[in-house]
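Derivation of every value follows stated rules applied to the coordinates shown; laboratory data play no part. These numbers were taken from a predicted model, which means no experiment stands behind them. For neighbour counting, all protein chains shown are included, and Cβ atoms are generated from backbone atoms with ideal geometry for every residue, glycine included.
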């Protein structure tokens, strides 16, 4: 009898200790680079789901894991899987945090929404998966409703459910008139670029590419339509005019445009084929570029409207600084001065710049710019000495579009993934 009573006491103490261990909040961790983990108080125990920090451990999109698990948290045949036996056994240390998080999601908290999408992307929510996805459903079917349901960064891109939600937002955006669709596409693609997209994230990049492809149709129909002079000046071509001379005329008036800028915004394929009386639009809004380092996406804007998106590479070890540059020079067939001081002429095997170099100016940083690369496999990686590497066709187009004195803004927007 005494042994039986002692056994009950030991079992009770063990159960009490187990419950107390799970009820104790973990120490708040730090995200990548020492920044506080996203999500604030609701992320204390949720951080365990993300491996103890803000970076979500997962395989490349769609790649098989050991035991047949996919990155989106499914096995072959559609069976949900979970990476935490406590979750599957019903002893769920995350329930309290999830309740708090989902309450914030339902209240429209953008940061909480991104954190919930990041949790879905781990594939480790187990029996809580459907509840979280249901809470992330948009409150309505308008584009604004669907965009709001995606959160404040691109965490949604890293799960099948999130990509489906993004495609629904894209459909709602493109169902609008051209000017509305252009503005909506700009907002959606800009959001998709905010946060991590690595080279292995093929499904995430494909979702961005699809959105950009549909956005480009509206860019061509509306933003690059010479008869649409909203936010622009109209100019009538005169005898003897050429695009270089027209661009110089408007630069003297303070508009930073070049012949290539005018050509792209007026669908001019052959600059030598201008016609007397032809109407051209000259943008009043500045042309600028934004590099989102974490997604390797470089975007070109006319005012607030997205004109182009390019996948790029940049500096290894985060050497490309987060700052605002200004285009100070554009060089065709440039020579390259190596870090050791050696100068390699255009065409030399050691010259890494390719056909074009867009030189950036800054009071503190020197030697930065954008150029092509013979190392195509490094696009989407941190691999350069600090410059922005681009595919040959992309740098050729950017060279035409981006005028001197244009701003080039470099950001490193983090997401819950780190």
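Highest mean first, the peptides 304-316, 241-253 sorted by other C-beta atoms within 10 Å per residue fall in the order 304-316, 241-253. Look at the alpha carbon pairs under 8 Å that are at least 6 residues apart: their mean separation over the length of the stretch 287-411 gives a relative contact order of 35 percent. Sorted on the mean count of surrounding Cβ atoms within 10 Å across their residues, most packed first, peptides 355-365, 195-205 read 195-205, 355-365. Over the stretch 239-297, all Cα pairs binned in 5 Å intervals from 0 give whole-percent P(r) values of 4, 16, 26, 20, 12, 9, 6, 4, 2, 0, listed from short to long. Annotation: the residues 301, 156, 368, sorted from fewest to most other C-beta atoms within 10 Å of their own C-beta, follow the order 301, 368, 156.
Please figure out what share of the DSSP beta bridges in the stretch 287-411 is antiparallel and state it in percent, rounded to the nearest 5. Looking only at bridges with both residues in the stretch 287-411, the antiparallel portion is about 75 percent.
Put the Cα centre of the stretch 314-365 next to the Cα centre of the stretch 239-289 and the gap is 27 Å.
The slack between residue 167 and residue 364, meaning 0.36 nm per residue of separation minus the straight C-alpha distance, is 66.8 nm.
According to the Cα-based calculation, Rg over Rh for the stretch 313-418 is 0.96, with Rh computed by the Kirkwood formula. Simple spin-label estimate for residue 383 and residue 110 gives 3.4 nm between the two label positions (7 Å along the Cα-to-Cβ direction from each Cα). The packing ranking of peptides 173-185, 319-331, highest mean first, is 173-185, 319-331, where packing means the average number of other beta carbon atoms within 10 angstrom of each residue.
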